[in-house]
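These notes are about the structure you will find just below.
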Amino acid sequence: MKESPLFSKSYDFIQWLIPQTVKFPREQRFVVAQRLQNTAMDFMECLYFATDKQNQTKALQRADIKLKQLRFYLRLSHDLKLMNTRRFEHASRLVEELGRLLGAWIYNIKRM
């Protein structure tokens, strides 16, 4: 079975994000960086929970909330100058794409 682009792009995002947050100053690494990492991992977990048809709608709604939190933490990281503009823009594009893919999944579920 071919893996969904949402899963592979989410994995790629986490794989990119973790090394970026390790570069945060030590005092922020355990606050903002940890929140970013945990939220990204929670988002991925929600996607896996959504593969279970019984809990699909609830898991997708939770994933949508996690994506909104990710956007907030990324913006905060940029505003606090923990992430430069180039990295912030790259992360924003990745998260935007995840949002489109997630939205398509939610739309397809509602159509059923």
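Cβ separations smaller than 9 Å between residues 6+ apart or across chains give the following pairs from segment 75-97 residues that are farther than 18 Å from Leu6 by Cβ to residues that are loosely packed, with under 13 Cβ neighbours inside 10 Å and basic (Lys, Arg): Leu82/Lys23; Met83/Lys23. Selection within segment 85-112: residues that are surrounded by 13 or more Cβ atoms within 10 Å (Cβ to Cβ) and among the β-branched types (Val, Ile, Thr). The member of this set that is modelled with the highest pLDDT is Val95.
Return yes when Glu89 is within 21 Å of Gln15 (Cβ to Cβ) and in contact with a Lys or Arg (Cβ under 7 Å, 6 or more places away or on another chain) and no when it is not. For Glu89, the condition - within 21 Å of Gln15 (Cβ to Cβ) and in contact with a Lys or Arg (Cβ under 7 Å, 6 or more places away or on another chain) - is not met.
The residue of segment 16-31 that is modelled with the highest pLDDT, among those that are within 12 Å of Leu80 (Cβ to Cβ) and in contact with a Leu (Cβ under 6 Å, 6 or more places away or on another chain), is Phe24. Residues in segment 48-63 that are in contact (Cβ under 8 Å) with a residue 40 or more places away in the chain and buried (at least 16 other Cβ atoms within 10 Å of the Cβ) were compared, and the one that is nearest to Glu97 (Cα to Cα) is Leu60.
Based on what the data block shows, is Lys9 free of Cβ contacts under 8 Å to residues at least 12 places away in the same chain and among the basic types (Lys, Arg)? No; evaluated as a whole, the condition is false for this residue. Residue count for segment 35-84 under the criterion of being at pLDDT 95 or above and among the polar types (S, T, N, Q): the result is 7.
Counting only residues that are without any contact (Cβ under 8 Å) to a residue 40 or more places away in the chain and assigned to a helix (DSSP H, G or I), how many does segment 98-112 have? Explain how you work it out, then say what you get.
Pass one, segment 98-112, residues without any contact (Cβ under 8 Å) to a residue 40 or more places away in the chain: 99-100, 103-104, 107-108, 110-112.
Now drop any that are not assigned to a helix (DSSP H, G or I), which leaves 99-100, 103-104, 107-108, 110-111.
The total comes to 8.
Within segment 21-64, the residues that satisfy the criterion of being among the hydrophobic types (A, V, I, L, M, F, W, C) and under 10 Å from the mean Cα position of the chain (by Cα) are Leu36, Ala40, Met41, Phe43, Met44, Ala63. In a residue-by-residue description of segment 100-108, the property of being of a type outside the set (Lys, Arg) and closer than 18 Å to Ile18 by Cβ applies to no position.
The values are calculated or read from the model by the stated rules, or taken from the named source; none is laboratory data. Since we're looking at a predicted model, the values are computed, not measured. We place every Cβ from the backbone using ideal geometry, glycine too, and count neighbours over all the protein chains shown.
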